[in-house]
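Trainee: Following this message is one structure expressed as structure tokens.
The values are calculated or read from the model by the stated rules, or taken from the named source; none is laboratory data. Everything numeric in this text was worked out from a predicted model, so none of it was measured. In this analysis, Cβ positions are derived from the backbone assuming ideal geometry, glycine residues included, and neighbour counts consider all displayed protein chains.
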Amino acid sequence: MTTDTTTMTENLMSAFGLDRPESGDDSVVPFTLEKLDTRGRSVRLGEALDTILTRHNYPAPVARLLGEAVVLAALIGSSLKFEGRFIMQTQTDGPVNLLVVDFDAPDGLRGYARFDHDALVRAAEDGRTRPGELLGKGHLAMTIDQGPHTERYQGIVALDGHSLEEVAHTYFMQSEQIPTQVRMAVAEFTRKGDHRPHWRAGGVLIQHLPDHGMSHMRDLPGDGNFDNPETADPDFEEADGWNEARSLMSTIDDLELADPDLSSERLLFRLYHETGVRVFTPLPMVERCSCSAERIEDMLATSFTPEDRHEMAVDGEIEVVCEFCSTAYHFNPHQFDPKH
């Protein structure tokens, strides 16, 4: 890009309010396409995702699939306005039979995958490593937990050989009746002078709000609930603005989504500078596990009998390893006995 072209681009970005410091990695950028009656979020994950995926040394196909799930959870969970949790979980019959991603509002991400090693090897030998093929058949559950004394909200959609992108589209149309489009990509990049590649990912989610929908976007970021009944339209017909928003987003390639040198703001400008895009304050994302010795101790004390606890003990202690962060906690089975 020449200096003149760079200056022109910078001036155009400034005209659209995109001249503030760019968000960088481990952040979600809310945005609106007001002329297209569309809102959305763009996510970039670097160190946070790399920590989640390398902690368990997953095979590359499993890491990519879990990475997509983490991106999707960040895009959806970051919209919540309350303190609570957004939990996304798949249970299937494929080589990767379980994915769990836990978003702890407002910014915490953790996740893990369970897979059948032999089935994964056979799938790789047969060239069946696309996300839908690794997942197989089963279901995807999305749960919103606002804490004690509140009722959980859960939406479930079938998994039948489709990717998480495709399933997300189906989920929002069936459960929320909001036209939604999602693009995600996960890749490994080697930094200059580093000894190993690092995982990173990006994603964009857009949603069409027909008719008076834009009036619900004025207080972003965090204008939160995707299940707003006022914006749901079961008789929705494809609108020109939505078609244009989707068409432009379909031009994104995987490299652009995961490119360490392309911020969310610049990607959005690249896509939507002709129609106009308004970005909002970036929301930081961090890798954070919510496990603790106190929580596990309480679980052991209230959910198991003394006999159960003594059977768990090996060499005089109970070891509990967190499936998310692999932290090991140790307890004396006698510490739970009633004190006389």
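Trainee: Of all residues in region 237-296 being small (G, A, S) and under 22 Å from the mean Cα position of the chain (by Cα), which is farthest from F31 (Cα to Cα)?
Mentor: The residue in question is S290.
Yes/no per residue for (1) surrounded by fewer than 21 Cβ atoms within 10 Å (Cβ to Cβ); (2) over 15 Å from E323 (Cα atoms); (3) touching a Pro at 6+ places or on another chain (Cβ under 9 Å):
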| residue | (1), (2), (3) |
| --- | --- |
| A60 | yes, yes, no |
| S78 | no, yes, yes |
| E83 | yes, yes, yes |
| D107 | yes, yes, yes |
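Trainee: Checking V121 against (1) assigned to a helix (DSSP H, G or I); (2) closer than 21 Å to L45 by Cβ; (3) at pLDDT 95 or above, only one condition comes out false. Which one?
Mentor: Among (1) assigned to a helix (DSSP H, G or I); (2) closer than 21 Å to L45 by Cβ; (3) at pLDDT 95 or above, the lone unmet condition for V121 is (2).
Trainee: Exactly one of (1) surrounded by 15 or more Cβ atoms within 10 Å (Cβ to Cβ); (2) within 14 Å of S42 (Cβ to Cβ) is unmet by Y329. Its number?
Mentor: (2)
Every residue, every condition in (1) in contact with a helix residue (DSSP H, G or I) (Cβ under 9 Å, 6 or more places away or on another chain); (2) touching a residue at least 12 places away in the same chain (Cβ under 8 Å); (3) not assigned by TED's automatic domain parsing to the domain that holds Q207, yes or no:
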| position | (1), (2), (3) |
| --- | --- |
| I252 | yes, yes, no |
| P260 | no, yes, no |
| H273 | yes, yes, no |
| V279 | yes, yes, no |
| P282 | yes, yes, no |
| M299 | no, no, yes |
| A313 | yes, yes, yes |
| G316 | yes, yes, yes |
| Y329 | yes, yes, yes |
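Trainee: Restricting the search to region 284-297, which residues are of a type outside the set (S, T, N, Q), touching a residue at least 24 places away in the same chain (Cβ under 8 Å) and more than 30 Å from L248 (Cβ to Cβ)?
Mentor: Correct list: V286, E287, R288, C289, C291, A293, I296, E297.
Trainee: Can you tell me which residue is surrounded by the fewest Cβ atoms within 10 Å (Cβ to Cβ) among those in region 134-149 that are outside any strand (DSSP E or B) and in contact (Cβ under 8 Å) with a residue 40 or more places away in the chain?
Mentor: Checking each candidate, the answer is G147.
Trainee: Ok, one more. Name the one entry in A168, A124, A119 that is in the same structural domain as R85 (by TED's automatic domain parsing), more than 20 Å from N57 (Cα to Cα) and in contact (Cβ under 8 Å) with a residue 12 or more places away in the chain.
Mentor: A168
Trainee: Which condition from (1) in contact (Cβ under 8 Å) with a residue 12 or more places away in the chain; (2) not hydrophobic (A, V, I, L, M, F, W, C); (3) not assigned by TED's automatic domain parsing to the domain that holds D102 is the one that D308 breaks?
Mentor: The failed condition is (1).
Trainee: Is it true that some residue in region 112-133 is under 24 Å from S175 (Cα atoms), crowded, with 20+ Cβ neighbours inside 10 Å and within 11 Å of the chain's Cα centre (by Cα)?
Mentor: There is no residue in region 112-133 that is under 24 Å from S175 (Cα atoms), crowded, with 20+ Cβ neighbours inside 10 Å and within 11 Å of the chain's Cα centre (by Cα).
Trainee: Which numbered condition in (1) at positive phi; (2) surrounded by 13 or more Cβ atoms within 10 Å (Cβ to Cβ) is the only one that D315 fails?
Mentor: In the conditions (1) at positive phi; (2) surrounded by 13 or more Cβ atoms within 10 Å (Cβ to Cβ), D315 misses (2) alone.
Trainee: Here is a follow-up. Looking at region 47-59, is at least one residue touching a strand residue (DSSP E or B) at 6+ places or on another chain (Cβ under 7 Å), of a type outside the set (F, W, Y) and in a loop (DSSP other than H, G, I, E, B)?
Mentor: yes
Trainee: Here's something else I'd like to know. Answer with yes or no whether V157 is crowded, with 19+ Cβ neighbours inside 10 Å, free of Cβ contacts under 8 Å to residues at least 24 places away in the same chain, over 23 Å from C289 (Cβ atoms) and in the same structural domain as V70 (by TED's automatic domain parsing).
Mentor: Yes, satisfied.
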